[in-house]
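Visitor: Let me give you the structure first, and then I'll get to my questions.
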Amino acid sequence: MPDHITHDPIYNTVDRDDFMAMIEVERYADRTDAFDAIISATRDHFWDPNDPAYIDYEAEPFDMDDDTLMPRDFIVELNCEVAEKLDEKQQIQLANESTRFTLSSILHGEQGALSLSASLCHVLRDPGAQEYAANQVREEARHVTGFSKYIEKRWGTPIGCGATLANLMNEIVMAPEVYKKLVGMQMLIEGLAMGAFATLHSRTRDPLLRRTVQLVMADEAFHHRFGKIWADKTVPKLSEEEHEKVEDWAARCFQTLLFNLVNAEQKQAIYPQFGLDWQWVQGAVREAFTDADRRRYMTEGTNIFRVLIKTLLKAGIITERTRPVYAAWVDMEELRREDDEVAGADVADATLIELQEINEKRRKISRALR
Ligand SMILES: [Fe+2]
Ligand SMILES: [Fe+2]
């Protein structure tokens, strides 16, 4: 039996196979307005990956034989013994294959977010909450298109999803419990994505990648807000037992992602072409990067795991019980004092203004043509 934790009726659910519950006459008027502002904002931050007015995939060539998409200090393999086994050309190739893996993971994550929000449409009873979810499906669909087009342009095809991310997303998409979906996807994976996008945006050398990521960020900031509304309405009302369940689920997702997301095992498909064995690569990376290094990386504002911890902390999900899981990596007091702006919010805000202008101009033109 699913173990639902619902304190606000706007998150009430029906069984995903119970379509008859969706057409009950009383349901339609039972609609929350909590998400109306986010739903109607979609018109302002509209963009289309197939329209060069927003992004032109033909405009920015990038010589991947000669240059790395991300700076070398970003590529762990180039900062340990692995680099000594490769000549200059191979180092550039490996760096770009590593970025291909990262972007493929993001593409699979976007598909996960699409399928997750579609699954919310089947279970949420409130028509307003359902409309929000349907709107998110539409936005995630353009992210899938946007990243597919970028990957196709640079490499032709993506790389298969690492087992950790694949299994976690499968569990979340299939879970009947809304809290598991919202904590796992809206707060953790979406939060992680915002951190990753902010880093890619500020550090990539490829203008086309920067533009792709920038447009996606304008949408993601709203998805993150949906998770925050759930937490604000739910977390303060949880009983001790319920809080433990939510907190344990969050800690489990966090640890799975922290220890497995980007290690050599997950990325193993990229090494054979360089004559490298993934287990040897993993050993070399481990030797060069200690837990102290991980902690140092986490002092950076856009570090993906720091962004995750901050999201959970600000949502009131972390208590003394699971605090050690996170305090091993970051200074919790410092995080608590920071404002609760999500990483990349500045980029998302600026993009929103730009998109409003493009969309307004396009509306004027279409009115004039009528
Ligand atoms: Fe997305
Ligand atoms: Fe999203």
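The values are calculated or read from the model by the stated rules, or taken from the named source; none is laboratory data. Nothing here was measured: the structure is a model prediction, and the numbers come from that model. Every residue, glycine as well, gets a Cβ built from its backbone with ideal geometry; the counts of neighbours run over all protein chains shown.
Visitor: Exactly one condition in (1) at pLDDT below 90; (2) hydroxyl-bearing (Ser, Thr, Tyr); (3) under 22 Å from the mean Cα position of the chain (by Cα) is not met by Thr42; state its number.
Guide: Single failed check for Thr42: (1).
Visitor: Right, another one. Residue check: is Val76 crowded, with 21+ Cβ neighbours inside 10 Å and more than 16 Å from ligand 2 (Cβ to nearest atom)? Lay out the reasoning, then the answer.
Guide: Details: crowded, with 21+ Cβ neighbours inside 10 Å: no; more than 16 Å from ligand 2 (Cβ to nearest atom): yes.
Judged against the criteria, Val76 is not a match.
Visitor: Restricting to region 57-93, count the residues that are within 19 Å of Glu287 (Cβ to Cβ) and not in a helix (DSSP H, G or I).
Guide: Residues that pass the stated criteria total 3.
Visitor: Quick check, is Gln273 part of a helix (DSSP H, G or I), out of contact with any Leu (no Cβ under 8 Å at 6 or more places or on another chain), over 24 Å from Thr157 (Cα atoms) and in contact (Cβ under 8 Å) with a residue 12 or more places away in the chain?
Guide: Values: part of a helix (DSSP H, G or I): yes; out of contact with any Leu (no Cβ under 8 Å at 6 or more places or on another chain): yes; over 24 Å from Thr157 (Cα atoms): no; in contact (Cβ under 8 Å) with a residue 12 or more places away in the chain: yes.
Considered against the rule, which asks whether it is part of a helix (DSSP H, G or I), out of contact with any Leu (no Cβ under 8 Å at 6 or more places or on another chain), over 24 Å from Thr157 (Cα atoms) and in contact (Cβ under 8 Å) with a residue 12 or more places away in the chain, Gln273 comes out as no.
Visitor: Restricting to region 216-275, and then to whatever is over 20 Å from the mean Cα position of the chain (by Cα) and of a type in the set (Gly, Ala, Ser), can you tell me which residue is farthest from ligand 2 (Cβ to nearest atom)?
Guide: Per the stated criteria, the residue is Gly275.
Visitor: Related question: Name the residue, out of Asp63, Asp87, Asp44, Asp18, that is in contact (Cβ under 8 Å) with a residue 60 or more places away in the chain, out of contact with any Lys or Arg (no Cβ under 7 Å at 6 or more places or on another chain) and not β-branched (Val, Ile, Thr).
Guide: Values: Asp63 fails: in contact (Cβ under 8 Å) with a residue 60 or more places away in the chain; Asp87 fails: in contact (Cβ under 8 Å) with a residue 60 or more places away in the chain; Asp18 fails: in contact (Cβ under 8 Å) with a residue 60 or more places away in the chain.
Selected residue: Asp44, the only one of Asp63, Asp87, Asp44, Asp18 that is in contact (Cβ under 8 Å) with a residue 60 or more places away in the chain, out of contact with any Lys or Arg (no Cβ under 7 Å at 6 or more places or on another chain) and not β-branched (Val, Ile, Thr).
Visitor: For the subset of region 103-157 comprising residues that are of a type in the set (Gly, Ala, Ser), within 13 Å of ligand 2 (Cβ to nearest atom) and under 23 Å from Val183 (Cα atoms), which member is surrounded by the most Cβ atoms within 10 Å (Cβ to Cβ)?
Guide: Ranking the qualifying residues of region 103-157, first place goes to Ala113.
Visitor: Could I ask something else about it? Please work out which one of (1) within 16 Å of ligand 1 (Cβ to nearest atom); (2) under 16 Å from the mean Cα position of the chain (by Cα) is the condition Phe101 fails and give its number.
Guide: (1)
Visitor: Could you list all residues from region 121-137 that are in contact (Cβ under 8 Å) with a residue 40 or more places away in the chain and more than 14 Å from the chain's Cα centre (by Cα)? Talk me through it step by step, then tell me what you get.
Guide: Our first condition is that a residue be in contact (Cβ under 8 Å) with a residue 40 or more places away in the chain; within region 121-137, this holds for 122-129, 131-132, 135-136.
Within region 121-137, His122, Val123, Leu124, Arg125, Asp126, Pro127, Gly128, Ala129, Glu131, Tyr132, Asn135 qualify.
One line per residue, one yes/no per condition, for (1) without any contact (Cβ under 8 Å) to a residue 12 or more places away in the chain; (2) assigned to a helix (DSSP H, G or I); (3) surrounded by fewer than 17 Cβ atoms within 10 Å (Cβ to Cβ); (4) not small (Gly, Ala, Ser):
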| position | (1), (2), (3), (4) |
| --- | --- |
| Ala198 | no, yes, no, no |
| Glu220 | no, yes, no, yes |
| Gly227 | no, yes, no, no |
| Thr234 | no, yes, no, yes |
| Leu258 | no, yes, no, yes |
| Asn263 | no, no, no, yes |
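Visitor: Quick one: which of Gly283, Gly275 is on the phi > 0 side of the Ramachandran plot and either out of contact with any Gly (no Cβ under 7 Å at 6 or more places or on another chain) or among the hydrophobic types (A, V, I, L, M, F, W, C) (or both)?
Guide: Numbers: Gly283 fails: on the phi > 0 side of the Ramachandran plot.
Testing whether each residue is on the phi > 0 side of the Ramachandran plot and either out of contact with any Gly (no Cβ under 7 Å at 6 or more places or on another chain) or among the hydrophobic types (A, V, I, L, M, F, W, C) (or both) leaves just Gly275.
Visitor: Checking the structure you have, find out if any residue of region 153-169 is among the charged types (D, E, K, R), away from ligand 1 (no atom under 13 Å from the Cβ), more than 30 Å from Val25 (Cα to Cα) and free of Cβ contacts under 8 Å to residues at least 60 places away in the same chain.
Guide: Our first condition is that a residue be among the charged types (D, E, K, R); within region 153-169, this holds for 153-154.
After this cut, where a residue has to be away from ligand 1 (no atom under 13 Å from the Cβ) as well, the list is 153-154.
Narrowing further to those that are more than 30 Å from Val25 (Cα to Cα): 153-154.
After this cut, where a residue has to be free of Cβ contacts under 8 Å to residues at least 60 places away in the same chain as well, the list is none.
No; the residues of region 153-169 include none that is among the charged types (D, E, K, R), away from ligand 1 (no atom under 13 Å from the Cβ), more than 30 Å from Val25 (Cα to Cα) and free of Cβ contacts under 8 Å to residues at least 60 places away in the same chain.
Visitor: Next up: Determine whether region 115-130 contains at least one residue that is part of a helix (DSSP H, G or I) and among the acidic types (Asp, Glu). Can you show your working first?
Guide: Our first condition is that a residue be part of a helix (DSSP H, G or I); within region 115-130, this holds for 115-123, 127-130.
Narrowing the set further to residues that are among the acidic types (Asp, Glu) leaves none.
So far as region 115-130 goes, no, none of its residues is part of a helix (DSSP H, G or I) and among the acidic types (Asp, Glu).
Visitor: Okay, moving on. Among the residues of region 236-256, write down those that are surrounded by 14 or more Cβ atoms within 10 Å (Cβ to Cβ) and outside any helix (DSSP H, G or I).
Guide: The answer is Leu238, and nothing else.
Visitor: From the list Tyr132, Tyr179, which residue is more than 16 Å from ligand 1 (Cβ to nearest atom), under 30 Å from Trp249 (Cβ atoms) and of a type in the set (Ser, Thr, Tyr)? Give the steps one after another, and end with the answer.
Guide: On the way: Tyr132 fails: more than 16 Å from ligand 1 (Cβ to nearest atom).
Result: Tyr179 is the single residue among Tyr132, Tyr179 that is more than 16 Å from ligand 1 (Cβ to nearest atom), under 30 Å from Trp249 (Cβ atoms) and of a type in the set (Ser, Thr, Tyr).
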